[in-house]
Every structure is written in C-alpha cells, then in structure tokens.
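See structure below.
The values are calculated or read from the model by the stated rules, or taken from the named source; none is laboratory data. Predicted model only: the values in this text are computed from it and were never measured. Neighbour counts are summed over all protein chains in view; Cβ atoms, including those assigned to glycine, are modelled from backbone coordinates with ideal geometry. Accessible surface is based on the protein model in full, side chains and every heavy atom, while ligands, DNA and RNA are left aside. Shrake-Rupley method; radii C 1.70, N 1.55, O 1.52, S 1.80 Å.
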Amino acid sequence: MPGQDPAERRVVVTGPPRRTLRASGYYRPRTEIDEQTTLGHTYVRSLMRSQLRAALTVFAVLALLVGPLPLLFAALPDARRLEWGVLGFGLYLPLVLLARWYVRRAERNERDFVRLVEDK
C-alpha cells in the first residue's frame, strides 16, 4: 500500500455526529433541565421554591384572616347574624383578592423561569 494515491486512502464518514462540542462559556439551561444535571436540578428547585413561597404567603394571610374569627364569634355570644354576614359576605372579597394575587404571582414566577431557560 505504499504506492496508493492519497485520494484512495480517504474514508468518507456518513451519519450524524456522535457528540457535539459546546462553545466555551455557553450553556443551554433547557438542555441542563432535560438532561437532569445538577444545574438543571437547581433551576427547577428555584422555581419550586418560589412557588412554595407564594403558597405559604397565601396560607399565612388566610390563617391570620380566618383564624381569629372563632374567638371573635365566641366573644359575641348573641351575634348569629354577624357570624353569617362575616362568613358569607365579609370574607368573600378578601378570599377572591388573595386567590387573584396568588395566580398572578405563580404565573409571574413561571414567566420568569421560562425567560431564564429560553434560548437567546
């Protein structure tokens, strides 16, 4: 084979490359999440923590709003109409506003997360 032409010794490789090289300093957060790397796990945990923080905030406000009501009702023994008025009408607006705040906060957390992992 010492006298072969260099064109004859070439090998043509067809097919997809087995691995791709990353450009230095560039990473794709979506890939990190899909491959379940440590960094991807950190991204998902940060989203879950922010959602949990919003849920615990709503729970705390709800507990502070509704929790003292039995004590208030016990202090006023002959106030049946007041109890139904507070429970039926007085709590409706704060509960709706609290639910609306929570949904907006959760959506904002998700938007921020998507913006973080989007390819730029």
Which residue pairs have Cβ atoms closer than 6 Å, lie 6 or more positions apart in sequence or on different chains, and pair a first residue in the stretch 58-71 that is farther than 12 Å from L91 by Cα and touching a residue at least 24 places away in the same chain (Cβ under 8 Å) with a second residue that is open to solvent by 50 Å² or more (accessible area, probe 1.4 Å) and assigned to a helix (DSSP H, G or I)?
V58/Y102
Within the stretch 60-98, track down each residue that is of a type in the set (G, A, S), assigned to a helix (DSSP H, G or I) and surrounded by 10 or more Cβ atoms within 10 Å (Cβ to Cβ).
A60, A63, G85, G90
List the number of the failed condition for A55; all other conditions in (1) open to solvent by less than 70 Å² (accessible area, probe 1.4 Å); (2) free of Cβ contacts under 8 Å to residues at least 12 places away in the same chain; (3) closer than 30 Å to T31 by Cα; (4) not charged (D, E, K, R) hold.
(2)
